[in-house]
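Take a look at the structure below.
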Amino acid sequence: MYLRPRFWLLRGISSVLIKPHNPLSARLHIEGCCPELTEGESKLLMNDVRMKLQAIVGASKSWSEHLKSAKDRASLNSLLVESQESLPYRYMKDSYLEAYLPLGSQPLLREKYLNVHNLVRFGRILEDLDSFGVLISYTHAKTDSPRSPFSIVTALVDEIDLVKNIILPDCDLKFSGHVTWVGKSSMEVQMHVSQYQNGTFNPVLQATFVMVARDPSNKSAALINPLKPEGPEEENLFRQGDLNKAKRATLKETSLLKTTPNEDEQKIIHKMFLETLDLKTVSFRSRILPTNSMWMEDAKLKSLEICHPQIQSSESWPKKDLYAGTDDKIIAQGRDVEPGKERNIFNKIFGGFLMRKAFELAWANACVFGGSRPYPVAVDDILFQKPVEIGSLLYLSSQVCYTKGNYIQVRVHSAVVDPISQEHNTTNIFYFTFGSENKVMQVFPKSYGESMLYLDGKRHFKARLNND
C-alpha cells in the first residue's frame, strides 16, 4: 500500500483550532508525546468530539429524555431550505478539523485502546473515525442557529487504507480531515490518522466516508451547502468525489446479486470445482479438499449483541477540578473515558460501535483461520442500509470468503431481529482485509451461493490491493 498524494494536501490547509473541553496540562516531553499537547496549546481532543456533537444537535443525554428531545428537534424543520441555491458556498478549508488522541500524553487513556498484544485496538479507531467524520460534516453545514437542524449520519465507509500494520499504544495520534465533495444532501469526507514518533507525525491510515444530511426527525433528505473547490489540487479532490460516486453506481449495477459472473469468474469457479472432485468416483457430489485448504462453510464465526441504550457520558466520570495538582488532573482526564457506548446522538445504535463489533468478530475469525495474529490492511464498502434500533437483537456473522498468499478477506453480515415480531432485516455488510504472519490456507466453496461469496470477496480484495 502506498500513501496517496491527498494525504499531504491537508498539510497546506490552515488548522481550525477549537478550545478543548479538558485542556492538557504541561508535562515533561517524552517520546510519543506531541509538544503541542504537552505544552498546553488549545487543541480539540477526541474525548471532546462527541460532546460537541451533542451540543450541536441538542441531543438528549439520557434515554428517559429521548421522546422530549425528538419532539424539540422536530421544531427545527423551519430552518431547512427548499433550494440548494439559497445556501452559501462552503470551501474545503471551512470544514477542516484536527483532533488529537493523547495516548502518549495521557497514560490512563491507553486502557480503553489497548489490546492483549500491547497495541491499539483498531475497532476503537473505527469508532473515533465515525464520530470525527460526523463532526466534520456538521462543520461544513454550520448554521446560525445554536442547534443544527440537520441529522447527519454515516451512509457509507467507502474505503480505509492502512499505511502502517500496527498502531503503538504510547504515542499520540492526530486525526485530520475535511469535506472533499458535496452532492445535494450527501458529502464525502476524507480523514487521515497519523502518529507522533521521532519528533514528527507519521501517516497511519487514510479513510473516505460518505455522510448524508436528513431532516431533524431523521426521516427525509435535507439540502446542504454546496462546495466550491479552490485551486487545481482541490478541484482534483472534488473530481475524484464525482468519480467515486459513479464507481459506486457501477459496482451496484454489476453486483453478483444482480448479474451473472463474468467469463473469467465462471472459469475460476469451475476450476475450483474440478479441483475438489474425488477422481476415484464418477460423481459430481463426491468432493474432497485439496491439501492445505478448508471448506468455506467451516470458516465462519458468529456473535449476538443485545442493543442496550448505553451512551458515552463523561459527566458520569470524575472531573479534573475535583483533584488538586497537575498529576491528579492528568489522572482525572485519563479516567474521563466512558465505560462503553452503544447509543448515538439520534438514539439509534452508534455506527462506530457496529463497525468495532464487526471488525473484532472478523479479526477473531481471521485469527482462528490463519493460526496467527492477523493485522488489518483495508476496510471498504460498508453500507449502512438500515439503522439499528435500541432493543434489537443484533446478529453478526463473519465468513472468510477469499484468501491469497498471506491475505485473508472476511465478510461480515449484520442483521437485526425484533424479539417481538421476529422480523429479520439486514443492516450492514462489512468487508475487511487482513494480513497474516504466515501463508494461509485456501478456502473452497461447495454451493453456488458460497461461490458467489468467494467471487465477491475476490472483487473486494482486488479493488483494495490492486495486485491480484
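Worth a mention:
Residue by residue, here is whether (1) modelled with pLDDT under 90; (2) touching a helix residue (DSSP H, G or I) at 6+ places or on another chain (Cβ under 7 Å); (3) within 30 Å of Ala362 (Cβ to Cβ) holds:
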| site | (1), (2), (3) |
| --- | --- |
| Lys68 | yes, no, no |
| Arg73 | yes, no, no |
| Pro88 | no, no, no |
| Glu111 | yes, no, yes |
| Glu127 | no, yes, yes |
| Asp130 | no, yes, yes |
| Leu135 | no, yes, yes |
| Thr154 | no, yes, yes |
| Ile160 | no, no, yes |
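- Per the listing Ile420, Ile408, Ile390, the residue uniquely of a type outside the set (Lys, Arg) and without any contact (Cβ under 8 Å) to a residue 12 or more places away in the chain is Ile420.
- Single condition Gln333 does not satisfy, out of (1) modelled with pLDDT of 50 or more; (2) open to solvent by less than 30 Å² (accessible area, probe 1.4 Å); (3) not small (Gly, Ala, Ser): (1)
- Test result for Asp381, at positive phi and modelled with pLDDT under 90: yes
- Checking each residue in the range 288-310 for being part of a loop (DSSP other than H, G, I, E, B) and either without any contact (Cβ under 8 Å) to a residue 60 or more places away in the chain or among the basic types (Lys, Arg) (or both) picks out Ile288, Thr291, Gln310.
- The number of residues in the range 183-201 being open to solvent by 10 Å² or more (accessible area, probe 1.4 Å) and touching a Ser or Thr at 6+ places or on another chain (Cβ under 6 Å) comes to 1.
- All strands (runs of 3 or more DSSP E) inside the range 375-468 with 1 or more residues being open to solvent by 10 Å² or more (accessible area, probe 1.4 Å) and touching a Cys at 6+ places or on another chain (Cβ under 8 Å): 393-404, 407-417
- Identity of the residue in the range 128-182, among the β-branched types (Val, Ile, Thr) and assigned to a strand (DSSP E or B), that ends up surrounded by the fewest Cβ atoms within 10 Å (Cβ to Cβ): Val153
- In the condition set (1) polar (S, T, N, Q); (2) open to solvent by 100 Å² or more (accessible area, probe 1.4 Å); (3) touching a residue at least 60 places away in the same chain (Cβ under 8 Å), Asn218 is compliant with all but (2).
- For the range 212-224, the criterion of being on the phi > 0 side of the Ramachandran plot and either assigned to a loop (DSSP other than H, G, I, E, B) or among the acidic types (Asp, Glu) (or both) is met by at least one residue.
- Residues (basic (Lys, Arg) and at pLDDT 95 or above) located in the range 239-270: Arg239, Lys267
- Close pairs (7 angstrom Cβ cut-off, 6 or more residues apart or separate chains): more than 15 Å from Leu103 (Cα to Cα) in the range 190-203, open to solvent by 30 Å² or more (accessible area, probe 1.4 Å) and not aromatic (Phe, Trp, Tyr) anywhere: Gln190/Arg6; Pro203/Leu3; Pro203/Val163
- A single member of Arg459, Arg411, Arg464 is charged (D, E, K, R) and within 17 Å of Leu126 (Cα to Cα), and it is Arg411.
- Note on the range 221-246: among residues that are exposed (fewer than 13 other Cβ atoms within 10 Å of the Cβ) and touching a residue at least 60 places away in the same chain (Cβ under 8 Å), the one that is nearest to Asp158 (Cα to Cα) is Asp242.
- Subset of the range 247-287 (residues that are open to solvent by less than 80 Å² (accessible area, probe 1.4 Å), assigned to a loop (DSSP other than H, G, I, E, B) and among the β-branched types (Val, Ile, Thr)): Thr254, Thr259, Thr276, Thr281
- Some residue of the range 106-115 being part of a helix (DSSP H, G or I), touching a strand residue (DSSP E or B) at 6+ places or on another chain (Cβ under 8 Å), in contact (Cβ under 8 Å) with a residue 40 or more places away in the chain and open to solvent by 10 Å² or more (accessible area, probe 1.4 Å): no
The values are calculated or read from the model by the stated rules, or taken from the named source; none is laboratory data. All values reported here derive from a predicted model rather than from experimental measurement. With ideal geometry, Cβ positions are generated from the backbone for all residues, glycine too; neighbour counts draw on all protein chains shown. Heavy atoms of the whole protein, side chains included, go into the accessibility calculation; ligands, DNA and RNA do not. Shrake-Rupley method; radii C 1.70, N 1.55, O 1.52, S 1.80 Å.
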